[in-house]
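The values are calculated or read from the model by the stated rules, or taken from the named source; none is laboratory data. Just so you know, these numbers come straight off a predicted model, no measurement behind them. FYI the Cβ positions are ideal-geometry reconstructions off the backbone, even for glycines, and counts take in every protein chain you see.
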Amino acid sequence: MRIPFRHPGLDPGSTFFSSGSKKRWIPAFAGMTMMWASATPAQAPPAAPDYSKPSSWLCLPGRGDTCSTPLPTTALNRNGYGSVGRSSVAKDPPLDCFYVYPTVSRDQGMNSDLNVDSSERGAARVQFARFAGVCRTYAPIYRQMTLAAVTAAATGADVTRPAMLAYADVASAWREYLAKYNRGRPFVLIGHSQGSLMLQELIKHEIEGKPIAKQMKLAILPGYNLLVPVGKRVGGTLKSTPVCGSPGETGCVMTWVSFREKNVPPEGAIFGRATAPGMTVACTNPARPGSTNWEPLDSYWNARWSLPVPGGPIQWSSEGAPPTEFLRTEGLVSGKCVNDGPLGYLSVRTNADPNDKRTDRVYGEVGLLGMFIPGWGMHLADVAEAQGDMIRRVEEISARSRTAAQH
């Protein structure tokens, strides 16, 4: 099976490089590529992981790992810092969650090695660990495309082979999960960015048209374009799996790519614009699937965020430094799905109030060489901005699955 990797806006011939900012972006990407190339000599990828071994998994139920470690979190509301709590680990939940992490590897070469470091653990901790409170957590280690591979693609390199290698690992882990762990249980797929791409491919090749599709209650795949025909919820990237159109719908996909309000994905944007004729980028409002209105989002922010933020470092509250690593805000930001021809994205509004004690700013943009890349939008906040909504959605499915199992 050949899986042509296509990062929107990064493949050869893309309009990304014909945009008005071409003179700035090509040197930026070229410089970054040369920086990686100088440190990433050609080398054979590591041997394939053996998913029958627990060591090939970041997270497995019933053991001490990244997903079973409670996360200290403080509520941040209009009056400042509030209650402090910790995420929980559910005892014998009736639902499984299978997670594939985003592009985080700075390893040498086009595919990562299998030596887990803080990058992989950090992604699973921030994006996935909280789901342990509502489902059994499975997260395979895989030879993902590295940051070097994604950067190389920006200047026209063919990264189909690294993409196929990464997907082969995910598919192998999936088959091991089904054979050894699933035992007929309902499941949810969760990914972000490259992880969402891998799970799109998994649905296409391992789930659609097969009996296992009946067990897939939901796929949550933000951070990577999923195409549908304009005005439709099915067809395009996935042939028979619809985009979720209502809060209670199951067997569907929730998907979105985030852009700050009034920042429309520019011509040639990597996310939020479909290039295939008649297609648009699907968008699901994570707070209320099917809604085209502004909806308040339930967010979990990393209060120790160290990457560049427009306007400089965030002061989370006028009360001072955050008491915990994570902050939960309800309604600090709102989201609205926008679909207009080939454009499709989640517009994100910060509900600023200069008279309250909490921040009026949040992070999310991708910075490169002192610039923020318009075509990536708020890619780094796709999960954080709505993680509470994502968890609630999975919790509802878990509760229904438990009720069904009792009858």
Next on the checklist: Here are the criteria: (1) surrounded by 12 or more Cβ atoms within 10 Å (Cβ to Cβ); (2) touching a Pro at 6+ places or on another chain (Cβ under 9 Å). Tell me which single one Arg63 does not satisfy.
Outcome noted: (1)
Next on the checklist: Looking only at region 313-364, filter to residues that are hydrophobic (A, V, I, L, M, F, W, C) and farther than 30 Å from Leu226 by Cα; which one of those is surrounded by the fewest Cβ atoms within 10 Å (Cβ to Cβ)?
Outcome noted: Ala321
Next on the checklist: So in region 215-239, with the set limited to residues that are farther than 17 Å from Leu346 by Cβ and aliphatic (A, V, I, L, M), which one is farthest from the chain's Cα centre (by Cα)?
Outcome noted: Val230
Next on the checklist: With in contact (Cβ under 8 Å) with a residue 24 or more places away in the chain and touching a strand residue (DSSP E or B) at 6+ places or on another chain (Cβ under 9 Å) as the only criterion, which of Val134, Val150 stands out?
Outcome noted: Val134
Checklist entry - Which condition breaks for Pro277 when tested against (1) more than 20 Å from Met216 (Cα to Cα); (2) surrounded by 19 or more Cβ atoms within 10 Å (Cβ to Cβ)? => result (2)
Checklist entry - Tell me, which residue of region 365-407 that is touching an Asp or Glu at 6+ places or on another chain (Cβ under 7 Å) and not in a helix (DSSP H, G or I) is surrounded by the fewest Cβ atoms within 10 Å (Cβ to Cβ)? => result Phe372
Next on the checklist: Let me confirm something: among Thr403, Thr350, Thr359, which residue is farther than 20 Å from Ile190 by Cα, in contact with a strand residue (DSSP E or B) (Cβ under 6 Å, 6 or more places away or on another chain) and not small (Gly, Ala, Ser)?
Outcome noted: Thr350
Next on the checklist: For the condition among the β-branched types (Val, Ile, Thr), within 24 Å of the chain's Cα centre (by Cα) and modelled with pLDDT under 90, what is the one hit in Ile26, Ile3?
Outcome noted: Ile3
Checklist entry - Quick check: anything in region 367-376 within 18 Å of Gly272 (Cβ to Cβ) and touching a Ser or Thr at 6+ places or on another chain (Cβ under 7 Å)? => result no
Checklist outcome for this item: Condition set without any contact (Cβ under 8 Å) to a residue 40 or more places away in the chain and farther than 19 Å from Ala352 by Cα, scope region 283-312, selection surrounded by the most Cβ atoms within 10 Å (Cβ to Cβ): answer is Arg304
Checklist entry - Residues in region 254-300 that are outside any strand (DSSP E or B) and closer than 13 Å to Cys244 by Cβ: how many? => result 12
Next on the checklist: So Ala153 passes all but one of these: (1) touching a Pro at 6+ places or on another chain (Cβ under 8 Å); (2) farther than 26 Å from Leu60 by Cα; (3) of a type outside the set (S, T, N, Q). Which condition number does it fail?
Outcome noted: (1)
Checklist outcome for this item: Of the residues in region 93-109, those that are more than 19 Å from His192 (Cα to Cα) and aliphatic (A, V, I, L, M) number 1
